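A short worksheet on the structure shown next.
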Amino acid sequence: MSHSHRASTLTAVLALAPLISVSPVAAQEAAVGLDELTVEGAAATADGNGLGGGNGSATSGGGGGPSGVVGYTARISPTATKTNTPLIETPQSVTVITREQLNDRNVQTINEAIGYAAGVNSNVFGFDPRYDSFYVRGFDLTYNGIFRDGLRQLGSGLTLPRIEPYGVEAATILRGPSSGLYGLGSPGGILDVTTKRPTFTPFGEVQFQAGNYGRFQGNFDIGGPVEGSDGTLAYRVTGIKRQSDTFLPGSPDDRSYIAPAFTWKPSADTTFTFLSEYQESRLPGNAAFYNAPGFQITKIYSGDPALNDFKSQQYRIGYAFEHKFSPDLILRQNFRYYKNNTSYAYTSIDSLSDDGTSAIRSAGFLKQRLSQITLDNQIEARVDAGPVQHTLLAGLDYAHYDFSTRSGFGVAPELNLLRPRFITG
């Protein structure tokens, strides 16, 4: 059985964010004295840097270079408005999980990364390492609410791009409808994940992790300026290698990941960042337990180590470009090509025999391919109209994906439940 599907979306956005300056109100009565209260935010400067310049400075909309999300508590996030509006001035609920928070918690999945954010339910489906699946404000974001570097991350069938948290610079939850900026999405909000970007300061780290069920993982992250480039070119290479089992019989959780990135900054007004990734995963094809009639939970694992593989290969290549024609006129373009190949083999328990000593099972095998192209064009202008300052944002984004699947299903041999190897705990 085979099936193929193509889909394209085209979205235009126009946003208006006025900033109004109001003069202090004069005291109406001389007998009343009021203390002066000053509130300061990380306001964006004329050159688009909201945090004071240097390697930690923000770039409008996350185009090229560092994202601007620095420190333990973020003060600015390009996700909320696609501009450098400080979070304190953003009229929408936003949570930013920074790299420092991810490091301290040593998260292993995106579900773990956002698990403490308000309104997020990341354990809806229990233990299932195959997908990044979660709810925000009661709405599922799995297929239509996950973004990578401001670009929609498409998924179809059983093929969904996975995000390696070690390659993430920040994860932002933007709650509520955001179709004006991002097009079709979940009413509960979106998750926008920012990829690690090169910096012009040399750095490097190597990590080794070990855990239960024979888990061993090595991480590395190195980068800095390219010698001989006169400070115009920087690189970053991030990678992991993991071999691990899980508490499910014959169910691995292996991964290989590498993500090279380069930033070219020929002038203070132009930035081009190249982003790429290769990721290969081997996971259990079936992560479920058999539920008896009447929704009675059992300890019988529904899979079989002899046919229980979910293999995934994904490739990503793209760029983030930004050019400032003037401090008040900025052009940005973000592009990405994604490809996913998955192979899914599994067995499943359908029912038990009358005497309860054996399980009737079925088996399946699927091969799916998903390729996608996403493009986002933005132009930002700042206009003064007397005492009122306006930030205008206009854009046009495009998304297209091709999906094909081949599948076969049949009957598997009955499982003798008197043998305990598929019964846990």
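The values are calculated or read from the model by the stated rules, or taken from the named source; none is laboratory data. Just so it is clear, the structure is predicted and the values come from calculations on it, not from any experiment. Neighbour counts run over all protein chains shown; Cβ positions are idealised from the backbone, glycine included.
Against the criterion of being part of a strand (DSSP E or B), surrounded by fewer than 13 Cβ atoms within 10 Å (Cβ to Cβ) and either among the β-branched types (Val, Ile, Thr) or at pLDDT below 95 (or both), Val206 qualifies. Note on the stretch 242-283: residues that are in contact (Cβ under 8 Å) with a residue 40 or more places away in the chain and either over 30 Å from Gly228 (Cα atoms) or charged (D, E, K, R) (or both) amount to 14. If you go through the stretch 173-185 and keep only what is out of contact with any Ser or Thr (no Cβ under 8 Å at 6 or more places or on another chain) and closer than 25 Å to Arg99 by Cα, you end up with just Ser178. State all residues of the stretch 254-286 that are surrounded by fewer than 22 Cβ atoms within 10 Å (Cβ to Cβ) and part of a loop (DSSP other than H, G, I, E, B); if no residue qualifies, say none. Residues satisfying the conditions are Ala268, Asp269.
Checked against (1) part of a loop (DSSP other than H, G, I, E, B); (2) surrounded by fewer than 16 Cβ atoms within 10 Å (Cβ to Cβ); (3) among the aromatic types (Phe, Trp, Tyr); (4) touching a Gly at 6+ places or on another chain (Cβ under 7 Å), Phe200 meets all criteria but (2).
What about Arg242, is it closer than 22 Å to Gly318 by Cα, in contact with a strand residue (DSSP E or B) (Cβ under 9 Å, 6 or more places away or on another chain) and buried (at least 19 other Cβ atoms within 10 Å of the Cβ)? For Arg242, the condition - closer than 22 Å to Gly318 by Cα, in contact with a strand residue (DSSP E or B) (Cβ under 9 Å, 6 or more places away or on another chain) and buried (at least 19 other Cβ atoms within 10 Å of the Cβ) - is not met. Screening Asp304 on (1) more than 20 Å from the chain's Cα centre (by Cα); (2) under 30 Å from Gly410 (Cα atoms); (3) in a strand (DSSP E or B); (4) touching a residue at least 24 places away in the same chain (Cβ under 8 Å) shows it passes everything except condition (3).
The listed residues are Gly224, Gly180, Gly231, Gly218, and the only one of them that is part of a loop (DSSP other than H, G, I, E, B), among the small types (Gly, Ala, Ser), in contact with a strand residue (DSSP E or B) (Cβ under 9 Å, 6 or more places away or on another chain) and surrounded by fewer than 23 Cβ atoms within 10 Å (Cβ to Cβ) turns out to be Gly231.
Of all the residues in the stretch 50-94, those that are touching a Lys or Arg at 6+ places or on another chain (Cβ under 8 Å) and modelled with pLDDT of 85 or more number 6.
Going by what's in this entry, would Thr159 be described as hydroxyl-bearing (Ser, Thr, Tyr) and over 28 Å from Ala345 (Cα atoms)? No; evaluated as a whole, the condition is false for this residue. Of all the listed residues (Ser371, Ser348), the sole one being at pLDDT 95 or above and surrounded by 16 or more Cβ atoms within 10 Å (Cβ to Cβ) is Ser371.
Considering the conditions (1) more than 20 Å from Phe310 (Cα to Cα); (2) at pLDDT below 90, Asp132 is excluded by exactly one of them, (1). Which of the residues spanning the stretch 160-177 are of a type in the set (Gly, Ala, Ser) and assigned to a strand (DSSP E or B)? Scanning the stretch 160-177 gives Ala170, Ala171.
Let's see how each residue does on (1) among the basic types (Lys, Arg); (2) at pLDDT below 95:
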residue	(1), (2)
Gly356	no, yes
Lys367	yes, no
Arg382	yes, yes
Val388	no, yes
Asp397	no, yes
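Identification of helices (runs of 4 or more DSSP H) wholly contained in the stretch 72-159 with 1 or more residues that are among the hydroxyl-bearing types (Ser, Thr, Tyr), surrounded by 16 or more Cβ atoms within 10 Å (Cβ to Cβ) and under 16 Å from the mean Cα position of the chain (by Cα) yields 78-81. Taken over the stretch 307-324, the criterion of being assigned to a strand (DSSP E or B) and in contact (Cβ under 8 Å) with a residue 40 or more places away in the chain is satisfied by Phe310, Ser312, Gln314, Arg316, Ile317, Gly318, Tyr319, Ala320, Phe321, Glu322, His323, Lys324.
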